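*Asks:* My questions will all concern the structure given below.
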Amino acid sequence: MPVAEDITGAVKEYVVGRTKLLLPADHAIDHYQARWKRYDRALGEIARLVKGKYPDFRAIDIGANVGDSAALISTYHDVPTLCIEGTETFLPFLRENARRIGSHVAIEVAFVGDGAAGDAYALQSNDVGTAKLVVDPDRATGIQVKRLDALLAGAADFAQPRLIKIDTDGFDFQIITTSVALLSELKPVLFYEYAPFERPNGVVDGIKSYQALLQAGYRHFIIYDNFGNYLLHLTGESMAQFVDLNGFLCSNQVNGVAVYYFDICAFGPEDFDLFNALRSAELSSFFGTTPGI
């Protein structure tokens, strides 16, 4: 297999969507998808539905990792996608995989968060191909984060995305709560990881992020478990049920984990048709036809 000169160590190839990606040998997506058939697959269907409504839409991939989400977004069509990633160990793979996916994929080297907070961060990696930022009280590394609105202001081609994916191992909530004005204006379909145990006060911050989406005008939500299985849908009037879902995750955390986190797809009122189409597709894949409710 061809390997870019700046990629060292053991590697492997794995097909995501229609692209054969180059991965670090310890990346776990192939093992996860072999065991859980729906793991990290919903985003491809979401992108297909968005493309049907918005033919020229653009996507933002925050926490792009090695490009697997970008490949998923381009499963059916060449969707212009801005991949935002700051982890140095992922960037050589992301650049190689962006080349393989196609010239419609662009890269911005950055971490996204609350750029006004003034915190400094260090990078903490694990052994399954992911990494996350943690607060660095000694400010030894000096890793800074950028607000999403500031970043998009410098990326004119992607200033009005119709789809935003966020998977930042702990910064998803911060990105959402500091982007209310942007999300309120654009209301892109938003697909994000809801992992409340990545950072201190995560449950409180997670609930605040959901409230921030309601403030921004989002009204329909589809919830997946962390294995990619469709769980349920919520509306803007379902705050109590969302709190209950957090209780479910907390119970898992304390009493033995069956589900670690959720993936959430949020829709503004203008995209109720996309929400309904996605929910119908999920239900009909099991029932054959969508039940009446």
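*Asks:* Using mean Cβ contacts within 10 Å as the protection proxy, how do 51-61, 227-237 order, highest first?
*Replies:* Put in order of decreasing packing, that is 51-61, 227-237.
*Asks:* Could you work out [θ]222 nm for the chain from helices alone, using -39500 (n - 2.57) per DSSP H run of at least four and dividing by all its residues? Round to the nearest 500 deg cm²/dmol.
*Replies:* Taking each H run of at least 4 residues, the total per residue is -10500 deg cm²/dmol.
*Asks:* Here's another thing I want to ask about it. Could you tell me which of 259, 179, 269 has its Cα farthest along the dipole of region 11-287 towards the positive end, charges placed at Cβ (Lys, Arg +1; Asp, Glu -1), taken about the Cα centre?
*Replies:* Value computed over the given set: 269.
*Asks:* Moving to a separate point now. Restricting the count to DSSP beta bridges whose residues both fall in region 11-287, what percent are antiparallel, rounded to a multiple of 5?
*Replies:* 60 percent
*Asks:* Sort 78, 40 by Cβ crowding within 10 Å, fewest neighbours at the top.
*Replies:* Fewest-to-most Cβ neighbours within 10 Å comes out as 78, 40.
*Asks:* Something else: Fewest Cβ neighbours within 10 Å first, please rank 14, 192, 261 accordingly.
*Replies:* By the 10 Å Cβ count, ascending: 14, 261, 192.
*Asks:* Now a separate question. Can you give me the relative contact order of the chain as a percent, contacts being Cα pairs under 8 Å and 6 or more apart?
*Replies:* Value for the chain: 15 percent.
*Asks:* Ranking 162, 100 by Cβ neighbours within 10 Å, fewest first, what do you get?
*Replies:* 100, 162
*Asks:* Further, regarding this structure: Students often get this wrong, so try it: which of (1) 21.0, 67; (2) 19.1, 55; (3) 18.3, 58 is Rg and Dmax of the Cα atoms in Å as calculated from the structure shown?
*Replies:* The value matching this structure is (3).
*Asks:* Same structure, new question: So how strong a dipole does the chain carry about its Cα centre when Lys and Arg Cβ are +1 and Asp and Glu Cβ are -1, to the nearest 20 debye?
*Replies:* Around 680 debye, computed over the chain.
*Asks:* Looking at 89, 229, 76, which one has the Cα that reaches farthest to the positive end of the dipole of region 11-287 (charges on Cβ: Lys, Arg +1; Asp, Glu -1)?
*Replies:* Going by the Cα projections, it comes out as 76.
*Asks:* Separate question: For the chain, how many pairs of lysine residues have a Cα-Cα distance under 27 Å, where the two are 8 or more positions apart or belong to different chains?
*Replies:* The result is 25.
*Asks:* Let me ask another. Would you mind checking which residues have amide H under 5 Å from residue 11's amide H? H placed 1.01 Å from N; only 5 or more apart, or other chain.
*Replies:* 25
Readers should treat all values here as calculations from the given coordinates under stated rules, not as data from a laboratory. Fair warning: this is a prediction, and the values are worked out from it, not measured in the lab. Reconstructed Cβ throughout: ideal geometry from the backbone, glycine too, with neighbour counts over all protein chains shown.
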